[in-house]
Each structure stands twice: as structure tokens, then as C-alpha cells.
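Below is one structure, written out as C-alpha cells, with a few remarks after it.
The values are calculated or read from the model by the stated rules, or taken from the named source; none is laboratory data. Quick caveat: nothing in here was measured; it's all calculated off a predicted structure. Every residue, glycine among them, receives a Cβ derived from its backbone with ideal geometry; neighbour counts consider all protein chains shown. Keep in mind that these areas ignore ligands, DNA and RNA; they rest on the heavy atoms of the full protein, side chains included. Shrake-Rupley method; radii C 1.70, N 1.55, O 1.52, S 1.80 Å.
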Amino acid sequence: MEYVIKPLAKKAVMWHLITTAIVILLMMVFGVMMLLNQGELISISPELFYKIMTAHGIGMIGIASLGGLAIMWYFLSKYLPLNPKVLVANFIMFLLGVVSVLIGIFGFNFSDGWTFLYPLPSQSAQFGGPAGALFFLSGILLLGVGFLVIYGYVAYHLTRVYGGLHKSLGWDYILGKKTGYGPPPAAVASTMVVICNSTAILAGAVVIIASILNILNPAIVIDPLLAKHLTYAFGHIFANCTIYMAVIAVYEGLSKATNRPWKSNKVFFIAWNFSTIFTLMIYTHHLLMDFAVPKWMLIVGQVFSYANGLPVMVVTAYGALLIVYRSGIKWKFWSLLFFLSMFGWLSGAIPAIIDATIVVNHIMHNTKWVPGHFHMYMGMGVITMIFGFMSYFNHQEGKVKENSWDLFSIVLYFTFFLGLCGSFLYAGRISVPRRWAEHLPEWVFSDQIGAFCGVLIICASLIFTIRFFMGIKSAGSQENSDLTKIA
Ligand code: HEM
Ligand SMILES: [Cu+2]
């Protein structure tokens, strides 16, 4: 059974997308500012650099999550009777959280990085005053609680409709109790995200609350290694899940573009089950340099990092090729972006796998190699899916006119995103440390190349965004949208 997506849901998704588009652009400008400073083309104080770095990191991860959530909600509304007021409530929480984070960073000089690794927040609170860390940490907490409410609500509906989360992950099909096709890919992916991200947010909430207590009363201390475990369980999984929400747009969008259904079979379910487990257990690859962590944990982190995204990535990339093959597809802006996002995701995984190898990690970990790989699958994977979805959304709910800017902007975006990531990976190869405001003379060339690429990425993103804004119709007042027609 399919439901009609409610007018309020369309409006709320639209607000999510508008916010997402604006924040992505702004954060990209921050990214370029960092590179210009590292490349010695402008000069900003180290204090400001680290504030911008903190804002860029949390801003990009937060907004990729918000955009991913909009995708997840939009498509899931076809299969579950979701009340859009819950989405609106999360949106309000998100905005409040963002305001608090911004006050913390730019009002009270919080600049410890988006990963707020204990005891940094309490140390900076000691010489800069506690307000910055307190605003920042409570902002993140607020954001997390908003997402947690959403996931709880979605879990409730998945359970009601499919009989349990194990069923929406297809266990009946894996165990052979049922044959044929099971719950739609949108439901499968959402189940995975609900499980992983709820765990992540709970871990994050514990360490954030502990950090806040520690700032308020320094007599309350946390074991730093435990804090690091909890922090990376949160940060790694939360960042990772952005892609598992956004990929729903690839399933639904390519299926629409080719007029072929994308169904869940046994292999699809097995892949998603493996990725669920792996995503939960591999955050220890962030602790490979911590000698006090038991060796077996590090080995688990290493071995399963290899395997982490692979199952889902392979079934999705293979599925994307299959669904497009001989379908007579007429490429549109959004279907092309969905298709290319698979390539971006895959290509980002390769340097990630290299970095997750313990021996390599000891050399590469704190170099720009790391931002190199995650900019690849975030920028050319998740963000591409989100940009694609903005256009898809207009195609369904607003209007889209195709013209030659489409292909031009896509080529521009991918060429220079590859360039940006290439400049990061190259910097990693010549041992440029990450997170340094000032660079040695022999490093600045790679920063300048990166800044140049960044400016052109912004141009491409600006074209995407302007075209998205031009195509928005007051969503919700529409009578002719596809989803309404289903009814
Ligand atoms: C025009 C595009 C972009 C540019 C120019 C850019 C630039 C940068 C730079 C220069 C850094 C700091 C590197 C260092 O450690 O020295 C950075 C870090 C980071 N970027 Fe980007 N970026 C861009 C897009 C993105 C996107 C699309 C995402 C994710 C959706 C993202 C997420 C991050 C994160 C999470 C960090 C880590 C911050 C930290 O180390 O605390 N960036 N970026
Ligand atoms: Cu990780």
C-alpha cells in the first residue's frame, strides 16, 4: 500500500532543502577561506581559522544529515503513515541547536573542532570561559535529541507496518521463510539508519552530558579513553549514516527515471544487514594510534573497516548499473547526479580503506589524506545525492526546465571536486598535517590548487542552488504531483 504525501510534509521537506542549500554554500565558502589561509593568499588569525574549521566540520556533517533526513522522510512517507508535524518539530530543534552552536563558536570562541574531543572542551573552558563549550555542546545535544525523536518515531511505524525492525531488514527473506521481494529499499535503508544512528546519538549524548558536567564541576572527571570511544562512536556513525539516508534518493530516483522497480531481494537484504553491523563496530579505526586500546579491538576496527560500506555500495552500484542498462533512460539533471553519486561514493572508499590499515594509519592518520578521502564520498557522494534530490523534488513538486547549464554545472562540479580531493590526498602524501592553520612553504602549493578548485565548486553549487530556487513552487498546493496521483 502506498500513501499520499501530505502537503505539510512537502512544505517541511522543502524548508529542509532550502536550508540545506544555503548552509552548504556558506560552509563551502568557509572551506575555501581555510585553504586560502593555509595557502598564504589571505591571512586570518589562528583563532579565527579554528573557529571556521569547527563551524565547517559540524556545519557540513549536520547539514548532510538534515538533507539526508529530508530524503528519507519524503520517500518513506509513501510507505508509512508518517505525521509531518514530527518532521517540523525536528526542524525547529535543529535550528535552535544550530543557533546555540553558532553562539558557542562565534560569540564565545569555541574552536576545539567538531569532534569536541574530551578534555579539549574543559581545557578551553578554563582559559576562555565556559560559555563557548557550553553553548556548543548543548547545541549538539539539542540537535541529537531532535534526530533521536525522529528515529524513534520512524522505528515505531516500521515496526507497526512490517512487524519489527528485523522484518524491515528482511530477516524473513534471508532465513528463507519468505521468498520473492520484501519491504522497499527505502524502508530497509531507514531501518539501518534508525538502528545505527540511535546508538550513535545515545553514545554522543552520554559523553556530551559528561563533558558539560565536567566543565561545570571539574571534580567530575571522565576516563579520557572511554570519552574517545563514545565520541567516535557518535561522530563516525553519525557522519556515515548521512549516506545511508541520502542513498534512498538513488533507489527511488533511478527507479522513476527508468520506469523500472528497484526491489529488495535476498542479496540486497544481506548486504544491508552486514553494513548495519559493520557500521556499528568499526569506529575503533579512529583509535588505531591509541596504544591503550586492546589489540583485538583495533584488529576488529581494521578488518571490518575494509568491509564496512562495501556490501551496500556493491549492491547499490551494481543495482544502479542494472536498472539503467538498456532501460532507454533519458538522462535528466537529477538522474545523472544520482548515477554519478555512486561513482563518487565508491571512489572515496578506496583511500578510506587504505587509511584504515594499521601500518598505513600510523603514518597517514593525522595528515590531509584523511580529509582527502572523506571529502570524496561526502562531496561527490552524499552532497551530490542531495543536490540531485533538490532537482528531483522540483521535478515532482515544482517545475524544472532542462537546459545546457545542467551538464555544464555537473561537469564543473565533478572535475573540481576531484581536483580538491586530489590536492588533499597529495598533501597527505607529502605529509602535510591536517588541522593546521599555518603551513610550511613547501606545502602551500597544494593549498592554492585546492582553493582554486574550491572556488569553482562553489560556482557549480551556486548554479545548482539558483536553479533549485527558481523551480520551487509553493509545494503542498500542488494537485498534479505523482505522489498525489497514486491515491
Ligand atoms: C568547496 C568545498 C569544500 C572545501 C573547499 C573544503 C575545505 C576544507 C578544508 C580546507 C578543511 C580543513 C583541512 C585541514 O585539516 O587542514 C576541511 C575540513 C572538513 N571538511 Fe571540508 N571542504 C569542502 C566541502 C566539504 C563537504 C561537502 C563536507 C561534508 C559534507 C566537508 C566536511 C568537512 C569536515 C567534516 C572537515 C573536518 C573538520 C575538522 O578537521 O575538524 N567539507 N574542509
Ligand atoms: Cu570513521
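If you plug the beta carbon distance of THR199 and HIS362 into 1/(1 + (r/R0)^6) with R0 = 45 Å, you get a FRET efficiency near 0.95. Starting from one equal scatterer on each C-alpha and no solvent at all, send me the Debye-based log10 I(q)/I(0) for region 63-122 at q = 0.22, 0.29 Å⁻¹, two decimals. So the normalised log intensities work out to -0.91, -1.19.
Each helix, a run of at least 4 DSSP H residues, gives -39500 (n - 2.57); summed and divided by the residues of the chain, these come to -25000 deg cm²/dmol at 222 nm. Extents of region 1-124, largest first, come to 57, 33, 20 Å (Cα atoms, principal axes, whole angstrom).
The Rg/Rh ratio for region 88-169 is 1.20, where Rg is the radius of gyration of the alpha carbons and Rh is the Kirkwood radius.
In units of 2.2 N^0.38 Å, what is the alpha-carbon radius of gyration of region 83-225?
1.33
For region 7-486, the convex hull spanned by the alpha carbon atoms encloses 141 Å³ per residue.
In this simple spin-label model, placing a label point 7 Å from the Cα along the Cα-to-Cβ direction at both ALA219 and LYS178 gives a separation of 5.7 nm.
State the percentage of accessible surface on the chain attributable to carbon and sulfur atoms; use a 1.4 Å probe and exclude ligands, DNA and RNA. Here carbon and sulfur together make up 71 percent of the probe-accessible area.
For the chain, which span is the longest to avoid every loop-located (per DSSP) member of chymotrypsin sites (Phe, Trp or Tyr not before Pro) having at most 10 other Cβ atoms inside 10 Å? Answer - 1-290.
Relative contact order for the chain using alpha-carbon pairs under 8 Å, separation at least 6, rounded to a whole percent?
Reported as a whole number, the value is 20 percent.
Distance cut-off 31 Å, Cα to Cα: go down the list LYS167/LYS228; LYS263/LYS332; LYS263/LYS330; LYS256/LYS368; LYS51/LYS256 and report the pairs above it. Table pairs above 31 Å Cα-Cα are LYS167/LYS228; LYS256/LYS368; LYS51/LYS256.
Per residue, how much accessible area does the chain show when a 1.4 Å probe rolls over the protein heavy atoms, in square angstrom? Let's see the in-between values first.
Numbers: 19630 Å² over 487 residues.
With the other protein chains kept in place, the chain gives 40 Å² per residue.
Near GLY163, once Lys and Arg are set to +1 and Asp and Glu to -1 for all other residues with Cβ below 13 Å from its Cβ, the sum equals +3.
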